[in-house]
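Some notes on the structure that comes next.
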Amino acid sequence: MEILTFGRSPHWETPLLSASDLAAFRHDGFLTIRQIVDPTSVAATRARIVDLFENRTGREEGAFFDFAGNDDDDAAMMLPQLIDVRNYAPELTASVFYKNALAVARELLGPEAKFVADHALAKPARHGAITPWHQDDAFREGFYAHNEISVWLALQDTDASNGCLSFVRGSHLKPVLPHRSYGGNERVHALECFDGWTPDQVELCPLRAGDCTVHTNRTLHGAGPNTSPDPRYGYVLVFGTPPNKLPAPLFHPWLRNKQEARLERRRAWLMRGGAIVHGWRRLRQARQIGYKEFMRRLLSHIS
Ligand SMILES: O=C(O)CCC(=O)C(=O)O
């Protein structure tokens, strides 16, 4: 297994964030960190991610899909996404980016913070698809409250011309706002928030390659289209503290009638024997994060 050991050393002792970074994060619900990894690391990470996308890795498992389109096999993708990237490129969770992002997570969330998930998104060159405004919490419901951050690594310079992320200041303090399927189309995975905020709180976050943004699971965020001649890639690590049981379950009407093609592909893959691969991955994850924490997370997803 290739390990990405290059890049700025992990910061276990020296904090990565200043007191004003911490205060800004608490106030705004997001943060920009410059050069969390060096250009060599970014180039290697990008090459790995591009390779996974070009090979449509994870397609039959339902892990590679169109975030913003119908996700038909023969259609050009509007906004390709690969979830659980670590299943296909485990070396990315042994990288300096991973170690530095975990250190950031512990500074922001406390020493209990652990890795939760990873994913990557591409915006094809000269493509009009936006990332609709959403809170990550709008994608899940149930009996648990989550306390998480997403660390979005820019794999090239990213600004308004190729769809850098924008955040709504202070939205992390709000409840889950009203969402609906993007464009009213229940076949599309993406959700769009349509109420509860005003554009005057929006902040655009241009990044250099190797910079990252950090946002919470409640922070409202989105991105414009990619009008540039090159694809835009972002690699995202999610960290969190153990979920807490809610006094009453939270259900989202916008998740009721979803008809995503990726879920069909996943079901078919599990039936064809993918369940064994899935079980083995779960076991590996349990060994990594500890069985107690694993059970706690499992319960928070199925209840
Ligand atoms: O990369 C994008 O355009 C969106 C990323 C995003 O929504 C996220 O990481 O939560």
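Read-outs throughout are calculated quantities, based only on the coordinates presented, and are distinct from any laboratory measurement. Computed from a predicted model, the values in this text were never measured in an experiment. Reconstructed Cβ throughout: ideal geometry from the backbone, glycine too, with neighbour counts over all protein chains shown.
Simple rule: put +1 on each Lys or Arg Cβ and -1 on each Asp or Glu Cβ in segment 139-203, find the dipole, and look at 201, 155, 142; the Cα lying farthest toward the positive end is 142. Straight-distance candidates among the aspartates and glutamates for linking to residue 114, with alpha-carbon spacing under 13 Å and chain neighbours fewer than 8 residues away dropped: 148, 293.
Working from label points 7 Å from Cα in the Cα-to-Cβ sense, the residue 281 to residue 125 distance is 3.1 nm.
The value given for segment 19-302 is a Kirkwood hydrodynamic radius of 19.3 Å, derived from the mean inverse Cα-Cα separation. Label point of residue 203 set 7 angstrom out along Cα-Cβ; within segment 146-184, amide nitrogens under 13 Å from it belong to 166-172. Find how many whole Å separate the alpha carbon centroid of segment 22-40 from the alpha carbon centroid of segment 118-136. So the separation of the two Cα centres works out to 20 Å.
About its Cα centre, the dipole of segment 19-302 is roughly 1020 debye, where the only charges are +1 on Lys and Arg Cβ and -1 on Asp and Glu Cβ. Oblate is the label for segment 86-148, because a/c, from the alpha-carbon gyration tensor with a ≥ b ≥ c as root eigenvalues, is 1.5 or above and a/b does not exceed b/c.
With R₀ set to 25 Å, the beta-carbon distance separating residue 195 from residue 248 gives a calculated FRET efficiency near 0.70.
Here r is the Cβ-Cβ distance between residue 24 and residue 174 and R0 is 22 Å; the resulting FRET efficiency, rounded to 0.05, is 0.80.
GNM on the chain, alpha-carbon springs under 10 angstrom: the most fluctuating residue among 249, 231, 39 is 249. For segment 136-293, what class follows from the C-alpha gyration tensor (a ≥ b ≥ c being the square roots of its eigenvalues): rounded when a/c is under 1.5, otherwise prolate if a/b is larger than b/c, else oblate? Rounded shape, in that the Cα axes give a/c under 1.5. Compare the Cα positions of 104, 92, 47 along the charge dipole of segment 17-123 (+1 at Cβ of Lys, Arg; -1 at Cβ of Asp, Glu; about the Cα centre) and return the one farthest towards the positive end. It is 104, whose Cα lies furthest towards the positive end.
A simple charge model with +1 on the Cβ of Lys and Arg, -1 on the Cβ of Asp and Glu and nothing else charged puts the dipole of segment 170-303 at about 980 debye relative to its Cα centre. What whole number of Å gives the distance from the Cα centroid of segment 199-264 to the Cα centroid of segment 49-94? That distance is 16 Å. Of the residues 113, 170, 221, the one whose Cα sits farthest toward the positive end of the charge dipole of segment 19-302, with +1 on the Cβ of Lys and Arg and -1 on the Cβ of Asp and Glu, is 113. Counting neighbouring beta carbons within 10 Å and listing from fewest to most, the residues 67, 194 come out as 194, 67. Taking every alpha-carbon pair under 8 Å whose residues sit at least 6 apart, the chain reaches a relative contact order of 27 percent. When only the Cβ of Lys, Arg, Asp and Glu is charged (+1, +1, -1, -1), the dipole of segment 55-179 relative to its Cα centre reaches about 460 debye.
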